[in-house]
Each structure stands twice: as structure tokens, then as C-alpha cells.
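Everything on this sheet refers to the single structure shown next.
Readers should treat all values here as calculations from the given coordinates under stated rules, not as data from a laboratory. Treat the numbers as computed from the prediction; the structure is a model and nothing was measured. Here the Cβ positions follow ideal geometry from the backbone for every residue, glycine too, while neighbour counts run over all protein chains shown.
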Protein chains: 2
Amino acid sequence: MEQNREFFMKMAIELSRDGMDQGKGGPFGCVIVKNGKVIGKGSNSVSLTNDPTAHAEMVAIRDACKNLGHFQLEDCELYTSCEPCPMCLGAIYWARPSKVFYANSKKDAAEIGFDDDFIYQEIELPLEKRKIPFEQISQNEAKKVFKDWLKKENKNLY
Amino acid sequence: MEQNREFFMKMAIELSRDGMDQGKGGPFGCVIVKNGKVIGKGSNSVSLTNDPTAHAEMVAIRDACKNLGHFQLEDCELYTSCEPCPMCLGAIYWARPSKVFYANSKKDAAEIGFDDDFIYQEIELPLEKRKIPFEQISQNEAKKVFKDWLKKENKNLY
């Protein structure tokens, strides 16, 4: 079991190196495993795809969900070469794998110039103190749609 | 200027309704604007695409970046029909629009069953106290790739 963990993490680390070497993006890789089988994988592809959301974990989660035909990663383990940023952490909670293994820490990432800590700090701030200003408008209009959601029948809950 | 804001938010709210009516996912929409022009938009499409990351903001950010051919939303405004979840908030910080307008609040979302607050709470917890367990393995192996990233020439920073 311990050996399996190292094996799958090695795959994630290899994906981090491959992505870096191929100029896809930063040195990050991720593998998702269900019942001992890899069902999704990804390298950071921000530079290649001009997609700021294409972190390794996001790419792997999207790949795994596509392969499973489901938006939940029930009974899956996620192996990421680095501790997730807040975006990827949020995605992990929406996808709900049973466990996350990571190798490099947030501190290791900050040391090579990927400072997720700034975002972690911003999340905890009240809206009016954030570096990107957040302003609420049109709440009444938007709330009508929420009320109609409650009344809607046959909705898919996720 | 104030009128423009209401106009673009109305578009985001219409996208939230369209997505709901078409069964794409939850009642959430988003529009991204640069120099008074819509350059990206999205409805929540989690149910349609089986992609747990397909929140309205993520879909709109990916659309806008594709259209701009760039992973940064410089000088862009993001209009979302609801205050972003932690995943989308992280994506917003990576994409760096200049301002975010939102209509429904997190509290409004929780009232119709979308409880992002659980994820906000988990983010603040130390790894060992989270509902999804996080375990660090193979740090030394992964760190080798990080060291090679520092040595790499001609890298794309994002």
C-alpha cells in the first residue's frame, strides 16, 4: 500500500517534469487513482493553453470526471506534486476525492516563485479590504432567479 | 457608467437563468468585460459537462482568456450573478481582472442549497483537521523538479 502511494506520486512528479520540459507551464503534475487504477492525469498547462485555470489538479480532475462520466470523484485518491493553491483546493472539495497526497509544500512553491500564499491571505479578508475590489450590485434582480431555482422541479443537484 | 454596470450584470443574471432553464447546472452566470465590450461569458455547466470545475466564473474566465489569447484579464471587469466560491475566487486572483461585481451573496446561495461556506471554513483549517485528509509524501523527489525549474532558461512566468 505504502509502495503504491510512492508509485502514483512518482507518476505525478514525472508529469510535473514533463510539463516543465515541454513548456506547458509550471512544474506541477497530478494523478487521480480509483481502485488502484489511474483514471485522470494532468500537467500544469497555463502557458500552453493561455488558461489561468489549467493547474495540474484542475486538468486531472476534469480528465478524471470526463472518464468517469460523473462530477464526483468518489473513492478516488488525488496525488499532486505540490500542495494545492486555493483554486485547486476549492475544486478538490467540489470533486470530493477521499484523500489527497501531496509532495512539495506551499513553502517549497513560494521559494521557486509561485506564491499562492497571497491568495490564501486575500480569501480571509473582508471584501472591502481585498486587492481586487468586490462590489455588490443588482442583488434583487439576481435573487429572483434563485427563488425560481427553489421552485424548479427535476433539478440536478451537485 | 453606473448604467453600464447594471447592463452587464443583467447579462450575467440572464445567463444564470438560461443555464438553469436549459439544465446546464445551478443558477449562476458570469460576463467579463474589457473596454465596454463583452469578451467572455458563461453559465454554470456542472451538470451538462460532468465537470465540477465548470462554475460560471471559470467558464467565463476560460472563454475570455481564449478570446484574448492571454492568461491574464488585465483591465477587465468580471460580473458574476453570485459572490464567488473559493475555487472561483482563486481563479479570479490568478486571472487578475481589475474589479469584480457580484449580485447574490454567499448567504443567498447558502439559502438555496449551495453552501460554499463549508469550503471557506476548510481552507482555514490546518491540513490534519480537514474533512478530506491531506498527507505529504515524496517531498525530496518532487523538490528536484522545483530545483530544475529555477535553473531552467526561457521559462514563461505567469
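Where the only charges are on Cβ atoms (+1 Lys, Arg; -1 Asp, Glu), what is the dipole of region A:1-106 about its Cα centre, to the nearest 20 debye?
So the dipole magnitude of region A:1-106 works out to roughly 120 debye.
Report, in debye and to the nearest 20, how large the dipole of the protein assembly as shown comes out about its Cα centre when Lys and Arg carry +1 and Asp and Glu carry -1 on their Cβ.
That gives a dipole near 480 debye.
At 24 angstrom or more along the helix axis (alpha-carbon based) and mean Kyte-Doolittle of -1.0 or higher, what helices does chain B contain? Whole DSSP H runs only.
The qualifying helices are B:2-21.
Return the FRET efficiency for the residue pair B:GLU6, B:LYS147: r is the Cβ-Cβ distance, R0 is 51 Å, and the value is rounded to the nearest 0.05.
With R0 = 51 Å, the Cβ-Cβ based efficiency is 0.50.
Could you check what % of the DSSP bridge pairs in the protein assembly as shown are antiparallel, to the nearest 5?
60 percent
Among A:PRO52, A:CYS30, A:ASN156, pick out the residue whose Cα is farthest towards the positive end of the charge dipole of chain A, where Lys and Arg carry +1 and Asp and Glu carry -1 on C-beta, about the Cα centre.
Towards the positive end, the residue furthest out is A:ASN156.
Taking 7 Å along the Cα-to-C-beta vector as the label spot, tell me the A:ASN67-B:GLN72 distance in nanometres, rounded to one decimal.
Modelled inter-label distance: 3.5 nm.
Using the basic label-point model (7 angstrom from Cα toward the beta carbon), what is the A:ASP115 to A:ASP21 distance in nanometres?
Result for the modelled spin labels: 3.1 nm.
For n ≥ 4 DSSP H runs only, could you compute -39500 (n - 2.57) per run for the protein assembly as shown, divide by its residues and tell me the 222 nm figure to the nearest 500?
-14000 deg cm²/dmol
Taking the Cβ of A:VAL38 as the centre, find all other residues whose Cβ is under 11 Å away and add up their charges (Lys, Arg: +1; Asp, Glu: -1).
So the surrounding residues net to +1.
Does region B:113-158 come out rounded, prolate or oblate by the C-alpha gyration tensor, with a ≥ b ≥ c the root eigenvalues, rounded set by a/c under 1.5 and, if not, prolate when a/b is larger than b/c and oblate if not?
Oblate is the answer for region B:113-158, as a/c is 1.5 or above yet b/c matches or exceeds a/b.
With just the Cα atoms of chain A, tell me how far they stretch along each of the three principal axes, in Å, largest first.
Computed over the Cα atoms, the extents are 54, 40, 28 Å.
Sorted from shortest, what are the nm distances separating the label point of B:ASP117 from equivalent points in the other copies, each placed 7 Å from Cα along Cα to C-beta?
Counterpart label points of B:ASP117 in the remaining copies fall at 3.0 nm.
Calculate, axis by axis, the spread of Cα positions in region B:48-102 along the three principal axes, and write the results as whole Å, longest axis first.
On the principal axes, region B:48-102 reaches 31, 23, 16 Å in Cα extent.
Express as a percent, rounded to the nearest 5, the fraction of DSSP beta bridges in chain A (both residues included) that run antiparallel.
Beta bridges within chain A, antiparallel portion: roughly 70 percent.
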